[in-house]
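S.K.: Below is the structure I would like to discuss, written out as structure tokens.
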Amino acid sequence: MTLPTPSIEQEVAQLRALLAQREHQLAEMGQAYEDFLRAVSHDLRAPLRHVTSYGTLLAEVLPEAGLQGPAWEEAEEFLGTMNQSARRMGQMLDGLLALSRIVRAPLQRQSVALAALLAEVQTELAGRTAQRSIEWQAQLQITHVEADAALLRQLLRQLLDNALKFTQSRVPARIAIACWRSTEGQVTLRVQDNGVGFNPAQATGLFGLFQRLHRENEFEGVGTGLAAVRTIAQRHSGDAQASALPGEGCTVTVTWPG
């Protein structure tokens, strides 16, 4: 007996049901991942607080126990390293949670006034620039872009924060922001600085999580800023790239469909 052939409508309904099932599974996996990150972050913060607080108490007790001279200096150095590592781990946990929020946040595209948003971000960073000589330059060929306003604000803040960090030895520091739309409609946002730069051979891993190209005692941070920038670009179906030369500054370029 010949079985009836499913109609096109039936096949489409089956495919839609399968797609809905897969989307539901992905949503459950995403929620489980976020719950896991939150639990890990919460559970690890208690021992981190113990490490930092008891390290301070230990620094007060050791001199009372008679530890002096070179022995005390060595112990003090050990305690400093322990405290710094604990604080760094806390910052890494914060970075993981921030990336999780970026991935899970609903994408709400809207028309964003780019110049106004840039001015707001610069105002937010004014506390870091009060005592510095900085030459800002903005060449915005388009006034509005289609993007999620909250995520775009975070992306701009990360890019400008990065530029300020790596130009702190420059007098004056020069930071140029440009934005334009190609004939195909693609939006390009570029932030260029005259900072310390980096070896271009290391650019491949620059946007990875916890990736750093400079020593920790030179520049603060745990290597989550540019990872957040690329993640935000990818949420908008775009990407981010960086180019630089040692001592000659850095250029970060973000593109997404307009």
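The values are calculated or read from the model by the stated rules, or taken from the named source; none is laboratory data. Because the structure is a prediction, the values reported are computed rather than measured. Please note: Cβ atoms are built from the backbone with ideal geometry, for glycine as well, and neighbour counts cover all protein chains shown. To get the accessible areas, we keep the full protein, side chains included, count just its heavy atoms, and leave off ligands, DNA and RNA. Shrake-Rupley method; radii C 1.70, N 1.55, O 1.52, S 1.80 Å.
S.K.: Using θ = phi - 60° and the Karplus form 6.51 cos²θ - 1.76 cosθ + 1.60, what ³J(HN,Hα) does each residue of the range 93-103 get, whole Hz, x for Gly and Pro?
M.R.: 5, 4, x, 4, 5, 4, 5, 4, 5, 4, 5
S.K.: Any idea what the dipole of the chain comes to, in debye rounded to 20, about its Cα centre with Lys/Arg Cβ at +1 and Asp/Glu Cβ at -1? Kindly include the intermediate steps, with their values, before the conclusion.
M.R.: Numbers: 23 positive and 27 negative charges, 128 e Å.
For this selection, approximately 620 debye.
S.K.: Rounded to whole Å and sorted largest first, what semi-axes of the equivalent ellipsoid does the C-alpha gyration tensor of the chain yield via the square root of 5 times each eigenvalue?
M.R.: Working: eigenvalues 354, 189, 46 Å².
Square roots of five times the eigenvalues give 42, 31, 15 Å.
S.K.: Per residue, how many Å² of accessible area does the range 96-213 show with a 1.4 Å probe?
M.R.: The answer is 51 Å² per residue.
S.K.: Separate question: Expressed in nm², what is the orientationally averaged projection area of the convex hull enclosing the Cα positions of the range 113-171? Walk me through the intermediate numbers first.
M.R.: Details: hull surface 16.7 nm².
Over every viewing direction, the Cα hull of the range 113-171 projects on average to 4.2 nm².
S.K.: Please report Rg over Rh for the range 29-152, where both radii come from the alpha carbon positions and Rh follows the Kirkwood definition. Don't skip to the end; give the middle numbers.
M.R.: Working: Rg = 22.6 Å, Rh = 19.2 Å.
Ratio value, two decimals: 1.18.
S.K.: Sticking with this one: Peptides 184-193, 100-109, 157-166: what's the order by average Cβ count within 10 Å, highest mean first?
M.R.: Highest-to-lowest ranking by the protection proxy: 157-166, 184-193, 100-109.
S.K.: Within the set of other residues whose C-beta is less than 14 Å from the C-beta of residue 141, count the net charge using Lys and Arg as +1 and Asp and Glu as -1. Working shown, then result.
M.R.: Values: positive: 181, 190; negative: none.
Around residue 141, the charge tally is +2.
S.K.: Per the 1.4 Å probe, what fraction of the accessible area of the chain, in percent, lies on carbon and sulfur atoms? Present the calculation step by step, with values, prior to reporting the outcome.
M.R.: On the way: 8480 of 15550 Å².
Carbon plus sulfur share of accessible area: 55 percent.
S.K.: Over 17 Å apart: what share of the alpha carbon pairs of the range 148-205 falls there, rounded to a whole percent? Walk me through the intermediate numbers first.
M.R.: Values: 873 of 1653 pairs.
The share of Cα pairs beyond 17 Å in the range 148-205 comes to 53 percent.
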